[in-house]
1. Those residues that are open to solvent by 80 Å² or more (accessible area, probe 1.4 Å) and of a type in the set (D, E, K, R), I need them from the stretch 50-86; list them, please.
2. Exactly one condition in (1) of a type outside the set (V, I, T); (2) in contact with a His (Cβ under 9 Å, 6 or more places away or on another chain); (3) within 15 Å of I92 (Cβ to Cβ) is not met by S31; state its number.
3. Of all residues in the stretch 21-57, how many are assigned to a loop (DSSP other than H, G, I, E, B) and touching a residue at least 12 places away in the same chain (Cβ under 8 Å)?
4. Quick one: count up the residues across the stretch 44-68 that are farther than 22 Å from S120 by Cα and out of contact with any strand residue (DSSP E or B) (no Cβ under 9 Å at 6 or more places or on another chain).
5. Could you check, for the stretch 74-82, whether at least one of its residues is closer than 19 Å to L122 by Cα and in a helix (DSSP H, G or I)?
6. Name the residue, out of G89, G125, G100, that is under 23 Å from E13 (Cα atoms), part of a loop (DSSP other than H, G, I, E, B), modelled with pLDDT under 95 and open to solvent by less than 20 Å² (accessible area, probe 1.4 Å).
7. Restricting to the stretch 1-17, count the residues that are more than 13 Å from S120 (Cα to Cα) and modelled with pLDDT of 95 or more.
8. Limited to the stretch 17-49, what total is found for residues that are surrounded by fewer than 10 Cβ atoms within 10 Å (Cβ to Cβ) and either touching a Leu at 6+ places or on another chain (Cβ under 7 Å) or among the aliphatic types (A, V, I, L, M) (or both)?
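The values are calculated or read from the model by the stated rules, or taken from the named source; none is laboratory data. This is a predicted model, so every value here is computed, not measured. Here the Cβ positions follow ideal geometry from the backbone for every residue, glycine too, while neighbour counts run over all protein chains shown. Accessible surface areas use protein heavy atoms only, side chains included; no ligands, DNA or RNA. Shrake-Rupley method; radii C 1.70, N 1.55, O 1.52, S 1.80 Å.
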Amino acid sequence: MEYVNPEALVSTEWLAEHLNAPDVRIVDGTSFLPGTGRNAKAEYRDCHIPGAVFFDIDDIADENNELPHMIPSPEKFSSRVRKLGLGDGNRIVVYDANGGGMAACRVWWMFRLYGHEDVSVLNGGLPK
């Protein structure tokens with residue numbers, strides 16, 4: 001099978017080879033649906049890929065919208081990701097602890113929405 005955008009997905013082997021590259025930034029985009037009894041921020045503190053920063057979807061959101069996790073303004077997104085040390089010139093690799101990648105794909109999409117093209121999802125996430 002040939003992918004339309006093969007750069008949108010990286011393997012764990014690729015990440016292991018590039019873990020210490022100066023331009024690679026790793027982002028834990030884990031979030032859980034309500035009712036699961038799991039806390040993404042606490043799980044990040046307990047276990048994450050070395051060097052990863054935590055993308056808090058509750059913080060990087062439009063707090064003026066009554067619905068949860070709505071897309072923030074471009075200014076807020078830019079400000080929050082800069083505080084995480086992310087920006088132009090970085091190859092961003094996003095993963096989540098779910099394994100299925102739903103949360104990581106949401107973070108990937110947000111970066112793409114705001115114009116960051118050098119972003120990928122880690123195939124298999126933290127479980128792999």
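1. Hits for the stretch 50-86 are D58, E63, E66, E75, R82, K83.
2. Here S31 clears every test but (3).
3. Residues flagged as assigned to a loop (DSSP other than H, G, I, E, B) and touching a residue at least 12 places away in the same chain (Cβ under 8 Å) within the stretch 21-57 amount to 15.
4. 8
5. The answer is yes; a qualifying residue exists.
6. G125
7. Total satisfying the criteria: 3.
8. So the count comes out to 2.
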